[in-house]
Amino acid sequence: MNYPQILDDIFQHVQPLLGQGKVADYIPELAHIPLHKFGMAVQMVDGRSFHIGDADEPFSIQSMSKLFTLTLAMQLAGDAIWQRIGREPSGTPFNSLVQLEYENGIPRNPFINVGALVVTDIILTHLNDARQTVLDFVQMLAANPAIHFDEAVARSEAETGFRNVALANFIKSFGNMHNDPAIVLDAYFHHCSLAMSCLDAARAGLFLANEGRLLKSNEQLITHRQAKYIKSLMLTCGLYDAVGDFAYRVGLPGKSGVGGGILAVMPGHFSVCVWSPGLNESGNSLAGTAALELFTTLTGISIF
Ligand code: GLN
């Protein structure tokens, strides 16, 4: 398989899409990100890696962080987390409040905002510092100690994240948040503000393609079974109310963020991260989705 050539073809194909879509300007600090940016990195389980475009430029991973926080919560609390969070697609936008009242404060899944708030709450109950723990974890996974929180992005979200504040307080009223909502929100906003490049994120997500094991040390980070659970949730819940369209077009489990990143994995083969900040109406990267669709089409590799 000529991966460099395939990435080059994709780069040419997506050019007309760069500049389309809308940056996530509801977080003011993300409003200035140039629309035409595009990067893509593939990390193979045999150690090879390929990239193109702005693949080494850090971007705001936003909800891609929900993958890493869920992994940590599974390590810490195992199956007990499913007493507090569901495992079904929501069919609603990532920041929706509507289902929560009917469903007694139990979020539909760990990848919508309110689900990730419960995940963060679980991490906080087990460890005192959910912020630093997640930063250390992601630096270790990506083998890059330079990964950091973008404090300006975290502050910008804290100043304008009224919906997330509402979600946190709402589940607190149902008893599904055990810590102080302000502390949980602060950790959540920081996790979302993590600045990582496509190369970092592809490396960080590789354990999911590698049966839960780290490539370098062969350490079993989570069990094979837990890695299966996370990928199943990515496939069914990773792209909010556009998850069916993404599965149809791309055919890989993925997790998106409003920074314009999407991390996807092919079990036993590779992890791939694409970044382009122009979002479609569901809040997922427009050119990024197209690039991943081309990637599975041109390689002929997808889970289906
Ligand atoms: N930090 C963003 C928010 O809470 C994350 C949403 C996303 O990336 N889909 O709104």
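The values are calculated or read from the model by the stated rules, or taken from the named source; none is laboratory data. Note that the structure is predicted; figures quoted are calculated from it, not measured. Backbone-built Cβ (ideal geometry, glycine too); neighbour counts: all protein chains shown.
Listed here are the residues, each with its yes/no results for (1) surrounded by 18 or more Cβ atoms within 10 Å (Cβ to Cβ); (2) within 16 Å of the ligand (Cβ to nearest atom).
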| site | (1), (2) |
| --- | --- |
| Arg131 | yes, yes |
| Gln139 | yes, no |
| Pro145 | no, no |
| Glu151 | no, yes |
| Ala166 | no, yes |
| Lys172 | yes, no |
| Asn176 | yes, no |
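Evaluate the following for Glu57: is it in a helix (DSSP H, G or I), touching a helix residue (DSSP H, G or I) at 6+ places or on another chain (Cβ under 9 Å) and surrounded by fewer than 21 Cβ atoms within 10 Å (Cβ to Cβ)? So Glu57 fails the test.
Remark: pairs (first residue in region 182-194, over 16 Å from Glu29 (Cβ atoms) and more than 12 Å from the ligand (Cβ to nearest atom); second residue modelled with pLDDT of 95 or more and not in a helix (DSSP H, G or I); Cβ separation under 7 Å; 6+ apart in sequence or on different chains) = Val184/Met177. Checking each residue in region 187-246 for being more than 23 Å from Ile112 (Cα to Cα) and basic (Lys, Arg) picks out Arg203, Arg213, Lys216.
Taken over region 94-126, residues that are surrounded by fewer than 17 Cβ atoms within 10 Å (Cβ to Cβ), touching a residue at least 24 places away in the same chain (Cβ under 8 Å) and not in a helix (DSSP H, G or I) amount to 2. Within region 71-93, track down each residue that is surrounded by fewer than 17 Cβ atoms within 10 Å (Cβ to Cβ) and small (Gly, Ala, Ser). Once the filter is applied, which keeps residues that are surrounded by fewer than 17 Cβ atoms within 10 Å (Cβ to Cβ) and small (Gly, Ala, Ser), region 71-93 yields Gly78, Ala80, Gly91. Is it true that Ser232 is within 21 Å of Gly39 (Cα to Cα), at pLDDT 95 or above and of a type in the set (Gly, Ala, Ser)? No; evaluated as a whole, the condition is false for this residue. If you go through region 140-150 and keep only what is under 15 Å from the mean Cα position of the chain (by Cα) and free of Cβ contacts under 8 Å to residues at least 12 places away in the same chain, you end up with nothing.
The set of residues from region 20-35 being surrounded by fewer than 16 Cβ atoms within 10 Å (Cβ to Cβ), in a loop (DSSP other than H, G, I, E, B) and more than 13 Å from the ligand (Cβ to nearest atom) comprises Ala31, His32, Pro34.
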